[in-house]
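Engineer: One structure, pasted below without further comment.
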Amino acid sequence: MRLFLLITCLAFFGCGKDEDVRSSRSLNKYETTKNYFTVSTKLTVEVAYESGQRPYADGSTIGAGIPIWQILDENLNALYQGRAQLPVIVVPKTHAEMKELPVQGKTSWTPEDILKLSEKYRTGRSSATETYFWVVFLDGVFNDGKKDQPSTVGVSLGGTTVVAIFKEVVRQSGMSAAGFVPLFVEQATLVHEIGHALGLVDNGLPMNEAHKDTEGHGAHCNNDKCVMYWLNEGRSDLIQFAIRMNQTGNVVMFDQNCLNDARNF
Ligand SMILES: [Zn+2]
Ligand SMILES: [Zn+2]
């Protein structure tokens, strides 16, 4: 069976486009927005990384000693707040809870390459009641099937629970910027990509109120204060996010429209 694989990506340092890519891989029938929000009772984020491309975790905190991965955890929980069924959300916080993979020696990754890697190394398989995301931190850059996209930080492979983060692009976000920015770029990218995978914006989750980007940037939010916004001026947007988080202590990066879509689905 051929399927239509929608690739949603987040690029911080230049323009990029969400790409539609054909794939011959089969989908897991449980990996649907409907299942994530109405059937699944547990949502686990598995994290793997190529040796040398480890995500920020141990020793990286925000505010008063809060582990950096708490940002993803709280954002996922925020989407389910007030719903009849609240899944148990499991997000690793330490390197010990993540899996180190051998160096893959690749300079670029197509969606097919990433899916192949996930087949080889992921351990959890989504079932009716349990959802497993697989997030992998890679060396090299994304290739959309046509050419390399060196500004893409992360991609969500549509119709799957696979997310890839390009660690070197994250690191570059720290150049000539405050030291905390790469930490934040990494978590914001995770929230953004898993947001896509869960169905935002209008990507499985119907909109309560129209708030989808109308300028042709794919499944993104029209609010530049929302993590699902198409970040064409990425770094300054991210610094604003960080300042706001510092001021308010609020780490939820979705705006009310995005939260409402998930909470009212
Ligand atoms: Zn996106
Ligand atoms: Zn939004």
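Engineer: Taking other Cβ within 10 Å of each residue's Cβ, how do GLU112, GLU193, GLU209 sort, fewest first?
Structural biologist: Working: GLU112 17, GLU193 24, GLU209 8.
Least crowded to most crowded, the residues run GLU209, GLU112, GLU193.
Engineer: Between GLU215 and SER51, take the C-beta separation as r, use R0 = 35 Å, and let me know the FRET efficiency to the nearest 0.05.
Structural biologist: Efficiency, from the Cβ-Cβ distance: 0.30.
Engineer: When a footprinting reagent is the concern and you count Cβ atoms within 10 Å, what order do LEU79, LEU183 take, fewest first?
Structural biologist: LEU183, LEU79
Engineer: Taking amide H positions as placed 1.01 Å from N in the peptide plane, with prolines and chain starts having none, which residues 5 or more places from VAL153, or on another chain, fall under 5 Å of its amide H?
Structural biologist: Counting only residues 5 or more places away or on other chains, the set is LEU10, ALA11, PHE12.
Engineer: At 0.36 nm per residue, minus the direct Cα-Cα distance, what do ARG171 and LYS42 gain on full extension? Give it in nm, one decimal, please.
Structural biologist: Stretched out fully, the ARG171 to LYS42 stretch lengthens by 43.3 nm.
Engineer: Another question, then. At 37 °C and a viscosity of 0.692 mPa s, what translational diffusion coefficient does Stokes-Einstein give for the range 46-87, taking Rh as the Kirkwood radius over Cα pairs? Give it in µm²/s as a whole number.
Structural biologist: 266 µm²/s
Engineer: Give the order of PHE265, PHE166 when sorted by the count of other beta carbons within 10 angstrom, beginning with the fewest.
Structural biologist: PHE265, PHE166
All of the numbers you see were taken from the coordinates with simple rules; none came from a lab. It should be emphasised that the depicted structure is a prediction, and the values quoted were computed from it without experimental measurement. All Cβ positions, even for glycine, are placed from backbone atoms using ideal geometry, and neighbour counts span all protein chains on display.
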